[in-house]
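**Student:** One structure follows; several queries about it will come next.
Bear in mind these aren't lab numbers, they're just calculated from the coordinates by the rules spelled out. Note that the structure is predicted; figures quoted are calculated from it, not measured. No Cβ is skipped: glycine too gets one built from the backbone with ideal geometry, and neighbour counts run over all protein chains shown.
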Amino acid sequence: MHLLIATLLLVTGVALPQGQSEPPIAGTWFGAVDTDRGQMEIGLSVTAEDEMLKGVLKTAHGDWEVTAITEKDGVWTVVFRGGGNEGQMIGRINGASFSGDWKSKMANGTFDLTRSRKKR
C-alpha cells in the first residue's frame, strides 16, 4: 500500500516534506522555447499546494496543464499536455534561470526561462 501511495505521489508531482521551504522551481518563470519548428514565448507558474507541486504552462496556444513535476540529482522534469501537444521540459535551475531541453510530440529544442521577481 505504501508503495502504491509513493508511486502516485511521483506520478502527480513532487511531494514536499512537511515544514520544508518551497523548492527552487516554485514561482513564476518567463522566457521562450527554441525548437525545430520555430520559437515561442512561454511562461511557467509553479505552486506548492497541499504538499504537492502544481503548475501551468502559458503558451501562445493557450494554457497547458502541467501533469507532473519531478527532480532528481538537480535535474527538474516538467511534464505537460495541451493544445494537442504533450511533452517535457528537462533542465537545471541556476540562480534565477531554468533552462534545458524541450521534448514534445510536435517539436524538440531548448528552453530558457527567468524567474519573475517577487513584488515586495
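**Student:** Subtracting the Cα-Cα distance from 0.36 nm times the residue separation, let me have the gained length for residue 103 to residue 51 in nm, one decimal.
**Tutor:** On the way: separation 52, 0.36 × 52 = 18.72 nm, distance 2.72 nm.
Extending this stretch completely gives an extra 16.0 nm.
**Student:** Here's another thing I want to ask about it. Using amide H atoms built in the peptide plane, which far-off residues or other-chain residues are under 5 Å from residue 93 H to H?
**Tutor:** Amide H neighbours of residue 93, under 5 Å, 5+ apart: 76.
**Student:** Report the full-extension gain for the segment residue 92 to residue 22: residue separation times 0.36 nm, less the Cα-Cα distance, to one decimal in nm.
**Tutor:** Numbers: separation 70, 0.36 × 70 = 25.20 nm, distance 1.63 nm.
Going from the current span to full extension adds 23.6 nm.
**Student:** Could you list the trypsin sites (Lys or Arg not before Pro) in the range 52-110 that lie in coil according to DSSP, counting only those with at most 12 other Cβ atoms within 10 Å of their Cβ? Before the final figure, lay out the partial values.
**Tutor:** Details: sites: 54, 58, 72, 81, 92, 103, 105; in loops: 105.
Counting only loop positions with at most 12 other Cβ atoms within 10 Å, the trypsin sites (Lys or Arg not before Pro) in the range 52-110 are 105.
**Student:** Can you spot the aspartates and glutamates whose alpha carbon is less than 17 Å from residue 103's alpha carbon? Ignore those fewer than 8 places along the same chain.
**Tutor:** Hits, sequence-local ones excluded: 34, 36, 41, 65, 71, 86, 112.
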